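This report concerns only the one structure given below.
The values are calculated or read from the model by the stated rules, or taken from the named source; none is laboratory data. Quantities reported herein were computed from a predicted structural model and do not represent experimental measurements. Because the Cβ atoms are built from the backbone with ideal geometry, glycine has one as well, and the counts that use them run over all protein chains shown. For the accessible areas, the whole protein counts, side chains as well, though only heavy atoms, and no ligand, DNA or RNA atoms are used. Shrake-Rupley method; radii C 1.70, N 1.55, O 1.52, S 1.80 Å.
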Amino acid sequence: QFLFVVTFTTFLLCCVEYDVLFANRPLNHSHAGGAAPDRSKVTLPDAILPAPQCAQRIRGSGWIIFLLVMAAAFWLYRLVKVLCSLLSFWEIRTFYIKALNIPSEGLCNYSWQEVQARLISLQRRQQMCVHKRELTELDIYHRILRFKNYTVAMVNKSLLPVRFRLPLLGPVVFLTQGLKYNLELLLFWGPGSLFQNKWSLRPQCKRAGARRELARRLARAMVLLGLANLLLCPCVLVWQLLYAFFSYAEVIKREPGSLGARRWSLYGRHYLRHFNELNHELQARLSRGYKPATKYMNSFTSPLLTVLAKNVGFFAGSILAVLIVLTVYDEDVLTVQHILTAITLLGLVVTLARSFIPDEHTVWCPEQLLQRVLAHVHYMPDHWQGNASRSETRSEMAQLFQYKAVFILEELLSPILTPLILIFALPARALDIVDFFRNFTVEVVGVGDICSFAQLDVRNHGNPQWLSAGQTEASVYQQAENGKTELSLMHFAITNPRWQPPPPSELFLSHLKEKVQQDAAAAPPAQRILAEGPLGTSLLS
């Protein structure tokens, strides 16, 4: 895709004669037999320059040559990374076939739990990990999700991402793929990062006496990386614009309403992710919550916007209907200049206007809809309880579940805003980040350094409000927010039923089961609950 975008864009800039293509300059076609030249008909080959003339145009533009050199360097870097990944994938494939006895053609028939069970069994037989005899399910998750757990914990403790309060827009959370890549470069795998390799934190990061020096170095690295991003900003911005155009232009033409569809934001995926939750587990959970979340967000309508959309749709649809009737009556109407453009744009306007008109049969029940969302995503701030109908709740939900158009706009702005965040906003948090890694890192034999939150220990990171009162010794600083330790523990225990949790966690789970059984015994029959609720009454009617 990268090669195609670069080559095709260069071709469009240097190898097309647009005056000929737009018929601004007549062409003299020579015809056999002395026939008169046809000046009205222009073919594509007429508008494409010969190869020598195209090459001369490219050589004559220093700016294009510079961009092509930068593109070639980036492509070679990507090529090396892909080749390294292919070697790694080949090793994984060989391991699955020879060690786990899972053939490639049958891999899709195995669940992750079956693969994990074979891996644990293989450790008992062949002692792959020499530092410990038994591998547990939690050890495997810790190895796979080492850096992910740190990131999820930093988002949970509000260290990342950066939040802004903008006029008219209010609180804004900014986290894009570009910013995430830079943060991982700074913290995990870049030169001078806090981790010295894939499994071990630098020794000085664990010493309290070196915290201020480390913070100064990290802040300096943030500024230098921000300056590097600023220098590369034009190239990255051009690439983002081209890639977005080639990716979404056809989709927008075919389905203009797709920009009004929603997706879980990158920040939302980190905020809603459990500790020790694999990508496919997270994706399955958020996919189940997609429809309830869409219904909740669509339940909010603006009467003024609805009236405006109906009128705009009516005016644009009326003009479009007339143009369509004229083209059906006489197809020569299509030869009129810009008539196809007008029909296409009017179709886009009508489709966009319809997306702002709510379904007249929608029932207003935001509390029930938000509870259905919570059943799948598992997390929401305490102040959302009982306030599902408030616009503030919807705005905060929109940070987790954003419009696709907002996602595209954020990615396009990322090359400009990422350097500014790295230079001006993040250095102030360098000391807090260094303290976080020192305070919440533990070394596990056979696994390496991991985030202590990922141990799912309610005693050290539990929250008294989440049924762990009397079992936790954690201070406010050590507690995970929104009950993430407890919810992650429950999720991991359900996902891995063979896992043996440590005694404090096992005690918490047993108390939780007793509480659930008591609530279930005291609750009225399910039919009565359904009939008494407003949503249930509507469904049964």
Rounded D (µm²/s) - region 366-522, Kirkwood Rh over Cα pairs, Stokes-Einstein at 37 °C, 0.692 mPa s:
173
Mean Cβ count within 10 Å, highest first, over the residues of peptides 328-337, 41-50:
41-50, 328-337
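Of the peptides 383-396, 266-279, how do they stack up when ordered by the mean number of other Cβ atoms within 10 Å, highest first?
Most protected by this proxy first, the peptides run 266-279, 383-396.
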Region 264-322: radius of gyration and largest Cα-Cα distance (Dmax), Å:
19.0, 59
Could you list log10 I(q)/I(0) for region 28-174 at q = 0.11 Å⁻¹, which the Debye formula gives when each Cα is one point scatterer?
-0.84
How large is log10 of I(q)/I(0) for the chain at q = 0.07, 0.12 Å⁻¹ when the intensity is taken from the Debye formula with one equal scatterer per alpha-carbon?
-0.59, -1.39
Along the dipole axis of the chain (charges at Cβ: +1 for Lys and Arg, -1 for Asp and Glu; origin at the Cα centre), the most positive-end residue among 2, 509, 338 is 509
Taking only Cα atoms, what is the 0 to 90° angle, nearest 10, from helix 279-288's long axis to the longest principal axis of the chain?
70
What percent of all Cα-Cα pairs in region 307-410 falls into each 5 Å bin, going from 0 up to the bin containing the maximum distance?
2, 10, 14, 13, 13, 12, 9, 8, 7, 6, 4, 2, 0
Using only Cα atoms, locate the centre of region 164-181 and the centre of region 448-467, then give the distance between them in Å, rounded to an integer.
29
Could you tell me the ratio Rg/Rh of region 72-145? Both radii from Cα atoms, Rh via Kirkwood.
1.09
For residue 108, tell me the accessible area in Å² from a 1.4 Å probe, rounded to the nearest 10.
110
Roughly what angle does helix 391-400 make with the longest principal axis of the chain, taking Cα atoms, 0 to 90 degrees, to the nearest 10?
90
Just need the relative contact order of region 303-356 here, percent rounded to a whole number, with Cα pairs under 8 Å and 6+ apart.
58
Separation of region 211-228 and region 70-138 by C-alpha centroid, Å?
35
Can you give me the Rg/Rh ratio for region 303-356, using Cα atoms for both radii and the Kirkwood formula for Rh?
1.08
Positive-end residue, region 191-296 charge dipole about Cα centroid, Cβ charges, pick of 208, 251, 221
208
Using a/c under 1.5 as the rounded threshold, could you call region 358-435 rounded, prolate or oblate? The axes a ≥ b ≥ c are square roots of the C-alpha gyration tensor eigenvalues, and prolate needs a/b larger than b/c, oblate otherwise.
oblate
Could you size up the charge dipole of the chain around its Cα centre, putting +1 on the beta carbon of Lys and Arg and -1 on that of Asp and Glu, and report it in debye to the nearest 20?
1540
Please go through region 72-180 and write out the trypsin sites (Lys or Arg not before Pro) that DSSP classes as loop and that have at most 12 other C-beta atoms within 10 Å.
133
What do you get for chymotrypsin sites (Phe, Trp or Tyr not before Pro) in region 83-170 restricted to DSSP loop and a cutoff of at most 16 other Cβ within 10 Å of the site's Cβ?
110
Kindly provide the pair-distance distribution of region 404-467 built from C-alpha pairs, with 10 Å bins from 0 and whole-percent values in order of increasing distance.
17, 25, 24, 29, 5
Could you pull out every residue, at least 5 positions away or on a different chain, whose amide H is within less than 5 Å of the one on residue 174? Hs are placed 1.01 Å off N in the peptide plane, and Pro or chain starts have none.
162, 164
When the Cα atoms of region 456-528 are enclosed in a convex hull and the volume is divided per residue, what value in Å³ results?
107
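Given the rule -39500 (n - 2.57) for each run of at least 4 DSSP H residues, summed and divided by the residues of the chain, what is its mean residue ellipticity at 222 nm, to the nearest 500 deg cm²/dmol?
Per the formula, -18500 deg cm²/dmol.
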Considering only C-alpha atoms, what is the centroid distance from region 310-331 to region 231-250, in Å?
35
Ranking 423, 319 from most to least accessible area with a 1.4 Å probe gives 319, 423
